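The values are calculated or read from the model by the stated rules, or taken from the named source; none is laboratory data. Predicted model, so just to flag it, every value in this text is computed and none were measured. Note: ideal-geometry Cβ built from the backbone for every residue, glycine included; neighbour counts use all protein chains shown.
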C-alpha cells in the first residue's frame, strides 16, 4: 500500500545542497488515524519510515524497496494537525542496485519528529 495521496500529500519540493526537502501535509481523515489512536491520532513509526522510502523513490524517479534501517529515532509525536511537515533527505548514495539515505522529519522550526538512516534496493 502506498501512503502518498492517502496518509499524506506532497505540497512542495526543494532541492538542497546536500539532497532534497519535501513539504508534506498529513491527512487526518486517513483510516490509519482512525485506529491509531481514536481521539488522539498519532502517525505510526512504520508509516514515518515508509514516507521516507516513498519520498526517496519519488526523488530518484524509480521504485525502491526498503531493505534495512541502520538507525531510527522517533523524537516527537507526529500528529495530523494540518501543519506542514518537512522531510529532508540527505547523504543519498547509489551503488550496485542499492540506495542509502538519511531522513529528518521536522516542522521547519524547532520540533524534530524523526531521524532515520536506511537502505533500499532497486525494484
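Quick look at the values:
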| item | result |
| --- | --- |
| Pair list, Cβ under 7 Å, 6 or more apart: segment 35-59 residue closer than 27 Å to residue 18 by Cα, other residue in a helix (DSSP H, G or I) and modelled with pLDDT of 95 or more | 47/32 |
| Any hit, segment 91-114, residues being in contact with a helix residue (DSSP H, G or I) (Cβ under 9 Å, 6 or more places away or on another chain), part of a loop (DSSP other than H, G, I, E, B) and modelled with pLDDT of 95 or more | no |
| Contacts under 6 angstrom Cβ, first residue in segment 97-121 being on the phi < 0 side of the Ramachandran plot and touching a residue at least 60 places away in the same chain (Cβ under 8 Å), partner assigned to a loop (DSSP other than H, G, I, E, B) and surrounded by fewer than 21 Cβ atoms within 10 Å (Cβ to Cβ), 6 or more apart | 113/76 |
| Segment 35-74, residues that are assigned to a loop (DSSP other than H, G, I, E, B) and over 14 Å from the mean Cα position of the chain (by Cα) | 36, 37, 38, 39, 40, 41, 42, 61, 62, 63 |
| Selection within segment 84-96 - surrounded by 12 or more Cβ atoms within 10 Å (Cβ to Cβ) and in contact (Cβ under 8 Å) with a residue 40 or more places away in the chain | 84, 85, 86, 87, 88, 89, 90, 92 |
